[in-house]
Amino acid sequence: MNCRHIAPAFLLSILLPALSAPLLAQEPVHLSIDASRAGAKIDRNLFGQFAENLGHGLYEGIWVGPDSPIPNTRGIRNDVVTALRALKVPNVRWPGGCFADQYHWRKGIGPAAQRPATVNSAWGGVIDTNAFGTDEFMDFIHQIGSEAYVSVNVGSGTPQEAGEWLEYMTAAAPTALARERAANGHPDAYKVGFMGIGNESWSCGGDMTPDYYASQLKIYSRFVANLNPSQQGPNHMLKIAVGPGTPDTEWTETMMKAWQSHDWSWDFDGLSLHWYTVPNGWPPSTPSTGFGLEEYAKALKSTLFMDEFLHKQEAVMDKYDPQKKVALVVDEWGAWHAPLPGSNPAFLVQQNSLRDAILASLNLNIFARHADRVRMSNIAQMINVLQAMILTDKEKMVLTPTYYLFKMYLPFQDATSIPVAFDAGTYKQGGASLPRVDAIAARDASGKLWIEITNLDADKPAEISADVTGMQVKQAKGETLTAPAVDSVNTFAAPTSVTPKPVSAVVKNGRLALIVEPKSVTVISLEP
Ligand code: AHR
């Protein structure tokens, strides 16, 4: 039904019978949006992903090998590629994570039969065939239409090893390493958009002090170069330094102070930040299925801490870099729950529910509000690990609620954020006190206005009215993601329990009116 010409009151009278009166006996939420007030660009790289060599993230999730009965292209699963292409994944971080600081790239190139078997001591001590190495990763990136974010080994590697890896990937001149790449079937130099210099060097990456890491950072930044001729000058590869993983600011102070006094010989473009939603603290103990409203609310409360964390780190960055040249790169975030019963605990397998999609929306909204500094993020992780987009089991694949959430946010990639003023109200559940709603808005390149509204309240719908000034708005269209319960999941047997559905919204005299369902995420487009 096209609701464009229906008055809001009439529309509400259609929608309301489905929702009992007491349920709506809450203050309507009013949003004020001035479309002429452009904020920062919501960088498409905020919607990046993380694919570590961990559990079934790469092996089985992406790589099944060319001889597999599972349909594949050069060993990479076709179903997964099709699903990821639709998400327009801007960048993929690989090979870790903690794994990156033990990865020696030479073991993953050349004829598969000649690659050595190694032990993945970061994740479960399992045998790694090294079948999925640099050329396979680049093939995967190419197949899904994304960009490479490669983390080099600082913990157990050397600057020489990392420099040679970059040369293998990016040299166009006929150096010995470029010729080796060509002999492996890849004559053209690859592009590497982003290079992470180590991972969590304050912990699994070598337990370094900030000063020790800062010295390493300078050396790697100086001597590990991208040689691709098309990535020189303004298109240069962005170097990302290890940043904080706890809210204290000592690490950030040290890196930013060093950066402020850097000379021509070294630099970095981004500072990484890791923060997971672990509702009961470490070790992760919350079940990923079969939980109730209290656990739901606790998880959302815990995820909202991201905002405070970013503010703290940004205050330090602003002190040393008021022009915001260095981006904050949240290259690990997401819900970390207890391992699924029966799974290998080292493989970090968890289900993915409506709760996880809702908490992803809250994080993406926080990033959008910090978009002047936070210009890249990578949800952990892409497939079969932690808060995954996709789960696979042999030939089967299922798209998670978080996958659909990311799909709904596609219009926000590279859109210009527009501030939204609203009184969020309060949603109380168990011991947690949360905002009832959250919202962001942005304008895309074609001039369309996009509004996202999250209703955190698990029981009550929210009646939304939005006054839009600064542009003429006529037609509203949208989708909403919700499900019968906060712990609803998609399974191989029932893959579409949590999928977006069209939502009705009306626009009259510059005012948008709609009702958003309990525990839902809604994205509306408004055409000029
Ligand atoms: O994403 C799983 C792990 O979490 C990563 O390997 C590490 O960087 C972080 O501690």
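The values are calculated or read from the model by the stated rules, or taken from the named source; none is laboratory data. Keep in mind that this is a model prediction, so the values were computed, not measured. Every residue, glycine as well, gets a Cβ built from its backbone with ideal geometry; the counts of neighbours run over all protein chains shown. The area values use the complete protein model at the heavy-atom level, side chains included, leaving out ligands, DNA and RNA. Shrake-Rupley method; radii C 1.70, N 1.55, O 1.52, S 1.80 Å.
Give me the angle, in degrees from 0 to 90, between the Cα long axis of helix 293-303 and the longest principal axis of the Cα atoms of the chain, rounded to the nearest 10.
The angle comes out at about 50 degrees.
If you average the sequence gap of Cα pairs under 8 Å that are 6 or more apart and divide by the length of region 430-528, what percent do you get for the contact order?
40 percent
Accessible area of region 149-231 with a 1.4 Å probe: how many percent of it is carbon plus sulfur?
Working: 1800 of 3350 Å².
For region 149-231, the apolar C and S fraction of the accessible surface comes to 54 percent.
Give the Rg/Rh ratio for region 72-219, taking Rg as the radius of gyration of the Cα atoms and Rh as the Kirkwood radius, to two decimals. Don't jump to the answer; show the numbers that get you there.
Details: Rg = 15.7 Å, Rh = 16.2 Å.
Taking Rh as the inverse mean 1/r over Cα pairs, Rg/Rh reads 0.97.
If the viscosity is 0.890 mPa s and the temperature 25 °C, what Stokes-Einstein diffusion coefficient in µm²/s follows for region 411-516 when Rh is the Kirkwood radius over Cα pairs?
Values: Rh = 15.6 Å.
Answer from the Stokes-Einstein relation: 157 µm²/s.
If one computes the Cα centroid of region 219-243 and of region 83-109, what distance in Å separates the two points?
Here the two parts' Cα centres lie 17 Å apart.
Kindly work out what percent of the DSSP beta bridges joining two residues of the chain are antiparallel, to the nearest 5. Kindly include the intermediate steps, with their values, before the conclusion.
Values: 53 of 91 bridges.
Antiparallel: roughly 60 percent of the beta bridges in the chain.
Normalised by the number of residues in region 16-124, what is the relative contact order in percent for Cα pairs under 8 Å and 6+ residues apart?
Values: 82 pairs, mean separation 26.9, N = 109.
That works out to 25 percent.
Could you rank the peptides 423-434, 289-300 by their average count of other C-beta atoms within 10 Å per residue, with the highest value first?
On the way: 423-434: 15.2, 289-300: 19.3.
Ranked from most to least packed, the peptides come out as 289-300, 423-434.
Taking θ = phi - 60°, what integer Hz values does the Karplus form 6.51 cos²θ - 1.76 cosθ + 1.60 yield along region 98-109, in sequence order, with x for Gly and Pro?
Result, rounded to whole Hz: 3, 4, 4, 7, 10, 8, 10, 4, 4, 6, x, 10.
What is the packing order of peptides 94-105, 140-151, taking the mean over residues of other C-beta atoms within 10 Å and listing the highest first? Walk me through the numbers on the way to the answer.
Values: 94-105: 24.1, 140-151: 21.6.
Those peptides, ordered most packed to least, come out 94-105, 140-151.
So if each residue of separation counts as 0.36 nm, and I subtract the Cα-Cα distance between D267 and A346, what length gain in nm does that give?
Values: separation 79, 0.36 × 79 = 28.44 nm, distance 3.54 nm.
Going from the current span to full extension adds 24.9 nm.
Along the Cα-to-Cβ line of T249, 7 Å from the Cα, sits a label point; which residues in region 205-220 have backbone N less than 20 Å from it?
210-211, 214
Tell me, in nm to one decimal, what length is gained between D79 and D211 on full extension, where the rule is 0.36 nm per residue of separation less the Cα-Cα distance?
Working: separation 132, 0.36 × 132 = 47.52 nm, distance 4.54 nm.
Extending this stretch completely gives an extra 43.0 nm.
With point charges of +1 on the Cβ of Lys and Arg and -1 on the Cβ of Asp and Glu, referenced to the Cα centre of region 42-414, which listed residue (V224, I70, S288) lies farthest in the positive direction of the dipole?
Final value for the positive-end residue is I70.
Restricting to Cα pairs below 8 Å that are 6+ residues apart, what does the relative contact order work out to for the chain? Please round to a whole percent. Display every interim value, and only then the final one.
Working: 1191 pairs, mean separation 105.3, N = 528.
For the chain, the relative contact order is 20 percent.
Which entries of K407/K428; K41/K428; K257/K324; K107/K239; K407/K501 have Cα-Cα distances beyond 22 Å here? Don't skip to the answer; put the middle values down first.
Values: K407/K428 29 Å; K41/K428 33 Å; K257/K324 14 Å; K107/K239 24 Å; K407/K501 13 Å.
From K407/K428; K41/K428; K257/K324; K107/K239; K407/K501, over 22 Å: K407/K428; K41/K428; K107/K239.
Given Cβ point charges of +1 (Lys, Arg) and -1 (Asp, Glu) and nothing else, what value in debye, to the nearest 20, does the dipole of region 125-167 about its Cα centre take?
Numbers: 0 positive and 8 negative charges, 30 e Å.
Roughly 140 debye, rounded to the nearest 20.
Need the list of aspartates and glutamates near K218 for cross-linking: C-alpha distance under 13 angstrom, and skip anything on the same chain fewer than eight residues off.
D263, D267, D269
Between S32 and D459, what is the label-to-label distance in nm when each label sits 7 Å out along the Cα-to-Cβ direction?
For S32 paired with D459, the spin-label model returns 3.2 nm.
Suppose each label sits 7 Å from its Cα in the direction of the beta carbon; what would the N184-H104 distance come out to in nanometres?
1.5 nm
Report the label-to-label distance for T175 and K324 in nanometres (one decimal), using points 7 Å from each Cα along the Cα→Cβ vector.
3.6 nm
Would you work out the charge dipole size for region 77-216 about its Cα centre, treating the Cβ of every Lys and Arg as +1 and the Cβ of every Asp and Glu as -1, and quote it to the nearest 20 debye?
On the way: 10 positive and 15 negative charges, 78 e Å.
In debye, rounded to 20, region 77-216 gives about 380.
Farthest toward the dipole's positive end in region 42-414, which of P174, A83, N344, given Cβ charges of +1 (Lys, Arg) and -1 (Asp, Glu) about the Cα centre?
After comparing all options, I get A83.
Does anyone have the angle between helix 159-170 and the longest principal axis of the chain? Alpha-carbon axes, 0 to 90°, nearest 10?
70 degrees
With unit charges on the beta carbon (Lys/Arg positive, Asp/Glu negative), name the residue among V329, A357, C98 whose Cα is farthest towards the positive pole of the charge dipole of region 42-414.
Toward the positive end, the furthest listed residue is A357.
Could you estimate the translational diffusion coefficient of the chain from the Stokes-Einstein equation, with Rh from the Kirkwood formula over C-alpha pairs, at 37 °C and 0.692 mPa s, in whole µm²/s? Walk me through the intermediate numbers first.
On the way: Rh = 23.9 Å.
For these conditions, the coefficient is 137 µm²/s.
With +1 on the Cβ of every Lys and Arg and -1 on the Cβ of every Asp and Glu, and nothing else charged, how large is the dipole of the chain about its Cα centre, in debye rounded to the nearest 20?
Details: 43 positive and 53 negative charges, 239 e Å.
Around 1140 debye, computed over the chain.
I'd like the FRET efficiency for E308 and D423, computed as 1/(1 + (r/R0)^6) with the beta carbon distance as r and R0 of 30 Å, rounded to 0.05.
Numbers: r = 20 Å, r/R0 = 0.67.
Taking R0 as 30 Å, the efficiency between E308 and D423 is 0.90.
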